[in-house]
Amino acid sequence: MNDLANTTPDTIPPEAKLVLDRIDQDRRRFKVNLVIAFAVLLVGLFAAMVIIGLDFKFMFNWLGFIMTGIGYTLLVSFLAIALACILAVIGALGRLSSNPIANSLATGYVSLIRGTPLLVQVYMWYLALPQVGMALEEMGIQGVQRLFTLPAIPAGVLALGVCYGAYMTETVRAGIQSIKIGQTEAAKALGMTPRQTLRRVIFPQALRVIIPPVSNEFIAMIKDSSLVSLMGVWELSYRAIKIGRRYFQSLEMLVMVAMIYWVMCIILQYIQERIENHMARGDRRVS
Amino acid sequence: MPENKMMKDKQPMIRIDNLHKVFGRDLHVLRGIDLEVKSGEVVVILGPSGSGKSTLLRCINFLEEPTAGSIEVDGVAISAGERGKERDAHILQIRKKAGMCFQSFNLFPHMTAIENIIEGPVTVLGRSRKESIPYAEELLEWVGLTDKRDEHPSRLSGGQQQRVAIARSLAMKPKVMLFDEPTSALDPELVGEVVDVMERLADEGMTIIAVTHEMHFAGDVADRVFIMDDGNWIEEGPPEEIFTNPKHSRSRQFLAHILK
Ligand SMILES: Nc1ncnc2c1ncn2[C@@H]1O[C@H](COP(=O)(O)OP(=O)(O)OP(=O)(O)O)[C@@H](O)[C@H]1O
Ligand SMILES: [Mg+2]
């Protein structure tokens, strides 16, 4: 007994090997089952489409035309999310600021935007703003009306960016506040200014907390970007609806455009996961 | 005042004069603290929980705002109640001169050990990463963690984290080190490695103010021991005197409690 323990101090006993094997096996089986489940789901979905008699040829013929709308969708979404991110950081700093003007501006912004429907806001930027310009022009300020009369795409980007910026302000604020006070104190104790503390210590850590909810917002934005069709931009969903109506085959078009959005969002989700894994490097004990 | 006898040696490294700290409107935590610490001296502060030890340390580098009194670190003096740009600049100067070690380490989790250590020199002193690295590596070796150079804090033990935190402070070449219970968050078997680093720091002539209940450090390394109770000093003197012959009945109670 004693000998055995001394000569083989580090061998894993055979019965433990069995347990480890079983854990591996279970893990593999789970993966396989998951893939099977998804495959069944997809086949089922496809079968359903066949059963209700979708006109696949019609769909295929219009695929190219609809897909050219993706450009607008992505353009509007990317510009709007970029604007939203900038506004969110400024807004969050304002919400956390001890300066009464910055604080009240940021709080008012978040409250107003979150308290009104996006649809109303879109029309505000597109239709109501020129009217403001006209009023100002009558008061004698030259050239405002032209400045305030926005083409559809800039109006859409502003509407979406400003709206999502307000929601994301709260996300960023929560992210910043989730960082322990000890981090700020350690940075201060080293002699960092508040600005250096934010840039070097708080933001990099807050970013990790913020990325999943921001990706969520971005995925939602891709779909909300269809609101620019209200202003006559021929983006993805607008094209699908137009064609569907014209040929009385709305179902085909709607199914198709839904699939296209879905695929885009799956791709985004994949990218999000990659970024999260990349950011998590520092905190995992096992890699 | 006993402090007077070393005034004639040289300018003290730290001079605290009639320091008061009030939290809220009426939580009077520090009640007129005086303290002078000369260069190279090691001072240990003891006292019951809630007596104001941490608050005192945190006032020295202005993590807490003193309510009254004045603080001077290596010739930079700030009085409570001052305001403005000049005072903010003085605070930054004091923070560069006074390194601080926290009970909870507070390493930056998104940076590796070496990145934590060069963060001060690079961001605060404006040095390049390249020129900061050799000294940072020297410090890592000095705290015995050369092999953990590129690890993130989450992969270090508590004792290792605290040693990196000490190296991070030392990278700023501080004149004084403030320790606030640096070992009380550690498992008992890890306390020794941190105390050892503190002792070597003292041997190399660093001025130290430490709040710690490590009796070995207080007894063998400290030049003077202070006992605080309710925001006042109730005892101060060389450790052998304090531990063998405390004057105040409160300090006798307290010492009996921690020495068991
Ligand atoms: N930020 C704060 N706001 C209000 N009260 C505080 C604050 N920080 C500390 N206090 C109070 O000040 C008193 C002294 O606290 P301090 O942390 O200085 O005690 P301590 O001597 O370090 O105690 P311990 O040994 O438990 O660390 C306590 O009553 C505490 O509740
Ligand atoms: Mg304390």
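Computed values, structure above
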read-out: A:G182, sole failed condition from (1) more than 15 Å from A:T73 (Cβ to Cβ); (2) away from chain B (no Cβ under 14 Å); (3) open to solvent by less than 20 Å² (accessible area, probe 1.4 Å); value: (2)
read-out: All helices (runs of 4 or more DSSP H) inside the range A:172-287 with 3 or more residues being within 23 Å of A:I70 (Cα to Cα) and not aliphatic (A, V, I, L, M); value: A:203-224, A:236-247, A:250-279
read-out: Residues (among the polar types (S, T, N, Q) and under 16 Å from A:A187 (Cα atoms)) located in the range B:110-160; value: B:T112, B:N116, B:T123
read-out: Complete set of residues in the range B:157-191 that are more than 25 Å from B:T123 (Cα to Cα), touching a residue at least 12 places away in the same chain (Cβ under 8 Å) and more than 16 Å from ligand 2 (Cβ to nearest atom); value: B:S157, B:G158, B:G159, B:D187, B:L190, B:V191
read-out: Evaluation of B:H90 against (1) of a type outside the set (K, R); (2) open to solvent by 10 Å² or more (accessible area, probe 1.4 Å); (3) in contact (Cβ under 8 Å) with a residue 40 or more places away in the chain; (4) within 14 Å of chain A (Cβ to nearest Cβ) (one fails), failing number; value: (3)
read-out: Number of the condition not met by B:I117 [criteria: (1) touching a Lys or Arg at 6+ places or on another chain (Cβ under 7 Å); (2) open to solvent by 10 Å² or more (accessible area, probe 1.4 Å); (3) part of a helix (DSSP H, G or I)]; value: (2)
read-out: Filtered residues of the range B:127-178 (kept if touching a helix residue (DSSP H, G or I) at 6+ places or on another chain (Cβ under 7 Å), in a helix (DSSP H, G or I) and within 24 Å of B:I94 (Cβ to Cβ)); value: B:S132, B:A136, B:L139, B:Q162, B:V164, B:I166, B:A167, B:R168, B:L170
read-out: Pick from the range B:63-81, criterion within 14 Å of chain A (Cβ to nearest Cβ) and within 16 Å of ligand 1 (Cβ to nearest atom), ranking: surrounded by the most Cβ atoms within 10 Å (Cβ to Cβ); value: B:L63
read-out: Residue count for the range B:16-62, restricted to those that are surrounded by 20 or more Cβ atoms within 10 Å (Cβ to Cβ) and away from ligand 1 (no atom under 11 Å from the Cβ); value: 13
read-out: Residue in the range B:41-50 that is in contact with a Lys or Arg (Cβ under 6 Å, 6 or more places away or on another chain) and within 11 Å of another protein chain (Cβ to nearest Cβ) present; value: no
read-out: Residue satisfying condition, being more than 10 Å from chain B (Cβ to nearest Cβ) and open to solvent by 50 Å² or more (accessible area, probe 1.4 Å), within set A:L230, A:L207; value: A:L230
read-out: Residues located in the range A:185-204, provided they are of a type in the set (A, V, I, L, M, F, W, C) and open to solvent by less than 40 Å² (accessible area, probe 1.4 Å); value: A:A186, A:A187, A:A189, A:L190, A:M192, A:V201, A:I202
read-out: Helices (runs of 4 or more DSSP H) lying entirely in the range A:1-114 (those with 2 or more residues that are closer than 30 Å to A:A152 by Cβ and touching a residue at least 60 places away in the same chain (Cβ under 8 Å)); value: A:56-67, A:69-96, A:100-114
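The values are calculated or read from the model by the stated rules, or taken from the named source; none is laboratory data. The structure presented is a predicted model; accordingly, all values stated were derived computationally and were not measured. Cβ sites come from the backbone with ideal geometry, for glycine too, and all protein chains shown count toward neighbours. Ligands, DNA and RNA are excluded from the accessible area calculation, which covers all protein heavy atoms including side chains. Shrake-Rupley method; radii C 1.70, N 1.55, O 1.52, S 1.80 Å.
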